[in-house]
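Each value in this text was obtained by applying a stated rule to the coordinates, not by laboratory testing. Please read these numbers as outputs of a predicted model, since none were measured by experiment. Cβ placement follows ideal geometry from the backbone for every residue including glycine, while neighbour counts extend to all protein chains displayed.
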Amino acid sequence: MDRIRIVGGNPLTGSIPISGAKNAALPLMIAGLLTDEKLVLHNVPRLADVSQLQRILGNHGIDITVNGKRRGDDPYSGQTMEIDARVIVDTTAPYELVSKMRASFWVIGPLVARMGEAKVSLPGGCAIGTRPVDFHLDALRALGAEIEIDAGYVLARAPKGLKGAHILFPKVSVGATHTAMMAASLAEGETILENAAREPEIVDVADCINAMGGRIEGQGTSTIRITGVPRLKGAHHSVLPDRIETGTYAMAVAMTGGDVMLSGARADLLDSALDTLRECGAEVTVSNEGLRVKRNGAGISPVEVTTAPFPGFPTDLQAQLMALTTRARGTSKITETIFENRFMHVQELARLGARIHLDGEIATIEGVEKLKGAPVMATDLRASVSLVIGALAAEGESMIHRVYHLDRGFERLEEKLSACGAEIERLAG
Ligand code: EPZ
């Protein structure tokens, strides 16, 4: 298994290109199941999760081609992916595949809407919590699907098609909003989703479905109105920039000090995290090129932050912020409200010398002057990158094990950081 070696202490200076968003690319690929015409996605990041979903869609008989790189192409430009779901040969998503990536459960919406049936494995637990799928199933039931659970599989049937409905989510869920929105776009009549997720990735998928001939309004607000259409057609769509990758590198710069341009980043996708970064003492400026983050001289100020659905502070940046606050001049408090067990990084950050006290959903972080390099273990995607941030500022060498977690969601991380002066390398095997 690959490891990443980091020798900390260097400030970051230069430019980091921001890739397409993983959490938009995955549902966009799944939206390709909604049509028998070609969906062409641009700016798709090269990530392990994207390749995994390619395999899962391949299992349904979907033909996916990815345009190879040509000589002279920018090594960081995203890939173009053509998804051809003309023929769906199999409506089953097996356990072996779904258990490797939870988002693949979301195929259930388009499959039942277009094919009238789907058999999808329940995803099971994961490192950040129990993560049930009851909201997805309730939404499909409301749209008229019959749902049965048998031997670890969800069987969803709607042989006569789905019907528009009024759905009120009990709690904001990104995935359940995707499922309901995709399914409703091929249902008969109008669907209203209330307490829907407002995340930019939802807006990206809704915009793509509209480019495919769908009729979705209100995306980006908590009420989404979908008028079902009998069929959707092919389209071209470009994946929006990754706000979590943007926030992660911004926090890395705030941690090490330096001056970095995050090119292609969109500030409007992460206002709340940028406010927190400014509070921590980073200087953030927005330009046409992207986002420039600087921290020169001044120390890191402590903060109090609670994670919340968009537009609140994202849970996907909670671990990275925690790494940053380990070196703040004072005590910070981070409350995690989205997932009950998303603190796996705490013990590993402690190995670098961080002082963190956990009490239920609240972490209290007492800033220390110095972190010290150590061997640490990646436990999930965002937890892993928080260790990278810690190690970049720690004195001496850190070795991060199990970096396959990082490869799920960060494209060319070592290259992007070393180009800005970090001492970081991947060791194979
Ligand atoms: C998405 O997961 C993201 N994944 C996660 O990113 C992200 O952390 C999360 O949204 C929250 O922003 C992708 O986009 C691929 P939810 P999702 O449904 O949709 C509860 C990363 O690191 N819930 O919004 O699975 C759930 O347990 C990942 O990139 C139910 O109770 O999250 C949680 O407490 C990890 N029943 C809350 O809702 C349900 O049926 C929000 O989860 C569904 C969710």
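Give the range 388-410 a look and list any residue that's more than 14 Å from the ligand (Cβ to nearest atom) and either closer than 16 Å to ALA250 by Cβ or without any contact (Cβ under 8 Å) to a residue 60 or more places away in the chain (or both), or say none.
Once the filter is applied, which keeps residues that are more than 14 Å from the ligand (Cβ to nearest atom) and either closer than 16 Å to ALA250 by Cβ or without any contact (Cβ under 8 Å) to a residue 60 or more places away in the chain (or both), the range 388-410 yields VAL388, ILE389, GLY390, LEU392, ALA393.
Kindly list, by first and then second residue, each pair from a residue in the range 75-100 that is under 30 Å from ALA265 (Cα atoms) to a residue that is of a type in the set (Phe, Trp, Tyr) and surrounded by fewer than 16 Cβ atoms within 10 Å (Cβ to Cβ), limited to pairs with Cβ atoms under 6 Å and residues at least 6 apart or on different chains.
Listed pairs, sorted by first residue: none to list.
What strands (runs of 3 or more DSSP E) completely inside the range 225-306 contain at least 3 residues that are within 26 Å of THR364 (Cα to Cα) and within 22 Å of the chain's Cα centre (by Cα)? Walk me through it before giving the result.
Numbers: elements: 235-238, 258-263, 283-286, 290-295, 304-306.
Once the strands (runs of 3 or more DSSP E) in the range 225-306 are filtered for at least 3 residues that are within 26 Å of THR364 (Cα to Cα) and within 22 Å of the chain's Cα centre (by Cα), nothing remains.
Say whether the condition of being more than 20 Å from GLY257 (Cβ to Cβ) and crowded, with 23+ Cβ neighbours inside 10 Å is met by at least one residue in the range 282-295.
no
I need every pair where a residue in the range 43-59 that is at positive phi has its Cβ under 9 Å from the Cβ of a residue that is surrounded by 21 or more Cβ atoms within 10 Å (Cβ to Cβ) and of a type in the set (Ser, Thr, Tyr), sequence separation at least 6 or different chains.
So the pair list comes out as ASN43/SER19.
Any residue in the range 380-387 that is in contact with a Pro (Cβ under 9 Å, 6 or more places away or on another chain), of a type in the set (A, V, I, L, M) and either more than 16 Å from the ligand (Cβ to nearest atom) or part of a helix (DSSP H, G or I) (or both)?
Checked against the condition, which is being in contact with a Pro (Cβ under 9 Å, 6 or more places away or on another chain), of a type in the set (A, V, I, L, M) and either more than 16 Å from the ligand (Cβ to nearest atom) or part of a helix (DSSP H, G or I) (or both), the range 380-387 yields no hits at all.
For ALA196, which of the numbered conditions (1) more than 8 Å from the ligand (Cβ to nearest atom); (2) crowded, with 17+ Cβ neighbours inside 10 Å; (3) not in a loop (DSSP other than H, G, I, E, B) fails to hold?
The one condition ALA196 does not meet is (3).
Scan the range 315-341 for residues that are more than 16 Å from the ligand (Cβ to nearest atom) and not in a loop (DSSP other than H, G, I, E, B) and jot them down.
LEU324, THR325, THR331, SER332, LYS333
In the range 300-314, what residues are surrounded by 15 or more Cβ atoms within 10 Å (Cβ to Cβ), more than 14 Å from the ligand (Cβ to nearest atom) and not β-branched (Val, Ile, Thr)?
SER301, PRO302
Here is a yes/no grid of residues against (1) surrounded by fewer than 20 Cβ atoms within 10 Å (Cβ to Cβ); (2) within 11 Å of the ligand (Cβ to nearest atom); (3) not hydrophobic (A, V, I, L, M, F, W, C):
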site	(1), (2), (3)
ILE147	yes, no, no
TYR153	yes, no, yes
ALA156	no, no, no
LYS163	yes, no, yes
ALA184	no, no, no
GLU201	no, yes, yes
ALA206	no, no, no
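Considering only residues that are more than 11 Å from the ligand (Cβ to nearest atom) and closer than 22 Å to ASP316 by Cβ, which ones fall in the range 30-49?
Scanning the range 30-49 gives ALA31, LEU41, ASN43, VAL44, PRO45, ARG46, ALA48.
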